[in-house]
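A quick write-up on the structure given underneath.
The values are calculated or read from the model by the stated rules, or taken from the named source; none is laboratory data. Given the structure is predicted, the values throughout are model-derived calculations rather than measurements. Because the Cβ atoms are built from the backbone with ideal geometry, glycine has one as well, and the counts that use them run over all protein chains shown.
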């Protein structure tokens, strides 16, 4: 081209220039693509510049740039009250059970018992969450419960998070009882621990709180939750893998539902009411268990 040339497009992105050169080629408009170290320009003869600009405008209108969705800001809540309540309740109940307070066998009264639960002793779905067979068992559930409870509390607030965890854990215990033989027995807060993990994974995934432009980010909460479940919840000869898995599944479903039917209330009154309800479900179940 030796005639008068006009610039119709300029960009630092060579791919953008190449695509628009193809547009002009498809319309049989003479053009030239000029590259240098920092940018590229698309030029056409002066007599074709108006038509070239029009074709490029039409292309831009039909192919608007893909803009990433705005980053969702997470307003972190106070997770400390729920963690303190969790640690206090499981320690106090385990201690009282160990010393047989009120002359009762707390373990037989509150453990998961498939046959008795099927016969209507549904309070065991909650009481079993606070019993532990040894100091090692207790400390392990405290450590992971505090960790996963911290994540859940930061997302949802202490009250809402722990009410969701308790309900999901009870549902996980119920599902485990229905799937196993009626002779199944178990104790421990691990179902609640993995319900907390599932709750966080389900809430983050359904709420799209991670970047969604890459599959690794899009499915990161699910993959990460399952990896932690496999790493922390499948070891040991006495591990109730079914309770761990179903606790995670119920927690995951609960997290998704909280997004679907949200928004989750974050005000102080709602958190106190929800936290009180969670504690009541546990603490009110024990008098029933010990008196039956």
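Residues in segment 265-292 that are touching a residue at least 24 places away in the same chain (Cβ under 8 Å) and more than 24 Å from residue 175 (Cβ to Cβ): how many?
Total meeting the criteria: 9.
Conditions (1) within 29 Å of the chain's Cα centre (by Cα); (2) closer than 27 Å to residue 79 by Cβ; (3) in the same structural domain as residue 84 (by TED's automatic domain parsing); (4) without any contact (Cβ under 8 Å) to a residue 24 or more places away in the chain, marked per residue:
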{"position": "113", "(1), (2), (3), (4)": "no, no, yes, no"}
{"position": "119", "(1), (2), (3), (4)": "no, no, yes, yes"}
{"position": "135", "(1), (2), (3), (4)": "no, yes, yes, yes"}
{"position": "148", "(1), (2), (3), (4)": "yes, yes, yes, no"}
{"position": "164", "(1), (2), (3), (4)": "yes, yes, yes, no"}
{"position": "181", "(1), (2), (3), (4)": "no, no, yes, no"}
{"position": "192", "(1), (2), (3), (4)": "yes, yes, yes, no"}
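Just wondering, is there one or more residues in segment 98-106 that are free of Cβ contacts under 8 Å to residues at least 12 places away in the same chain, under 30 Å from residue 264 (Cα atoms) and assigned to a loop (DSSP other than H, G, I, E, B)?
No; the residues of segment 98-106 include none that is free of Cβ contacts under 8 Å to residues at least 12 places away in the same chain, under 30 Å from residue 264 (Cα atoms) and assigned to a loop (DSSP other than H, G, I, E, B).
Those residues that are buried (at least 16 other Cβ atoms within 10 Å of the Cβ) and farther than 18 Å from residue 251 by Cα, I need them from segment 181-192; list them, please.
184, 186, 187
Can you name the condition, by its number, that residue 225 falls short on among (1) within 20 Å of residue 114 (Cβ to Cβ); (2) at pLDDT below 65?
The one condition residue 225 does not meet is (1).
What number of residues within segment 25-52 are surrounded by 15 or more Cβ atoms within 10 Å (Cβ to Cβ) and in a strand (DSSP E or B)?
Residues in segment 25-52 being surrounded by 15 or more Cβ atoms within 10 Å (Cβ to Cβ) and in a strand (DSSP E or B): 7 in total.
Looking only at residues in segment 108-127 that are assigned to a helix (DSSP H, G or I) and out of contact with any helix residue (DSSP H, G or I) (no Cβ under 6 Å at 6 or more places or on another chain), which one is surrounded by the fewest Cβ atoms within 10 Å (Cβ to Cβ)?
The extreme case among them is 108.
Among the residues of segment 166-179 satisfying the criterion of being over 24 Å from residue 78 (Cα atoms) and out of contact with any helix residue (DSSP H, G or I) (no Cβ under 6 Å at 6 or more places or on another chain), which is surrounded by the most Cβ atoms within 10 Å (Cβ to Cβ)?
178
Any chance segment 66-82 includes a residue that's in a loop (DSSP other than H, G, I, E, B) and farther than 30 Å from residue 200 by Cα?
No; the residues of segment 66-82 include none that is in a loop (DSSP other than H, G, I, E, B) and farther than 30 Å from residue 200 by Cα.
Hey, among 211, 243, 253, 274, which residue is modelled with pLDDT under 95, in a helix (DSSP H, G or I) and under 20 Å from the mean Cα position of the chain (by Cα)?
Checking each option against the conditions leaves just 243.
Checking the conditions here, which among 85, 133 is outside any helix (DSSP H, G or I) and in contact with a helix residue (DSSP H, G or I) (Cβ under 9 Å, 6 or more places away or on another chain)?
133
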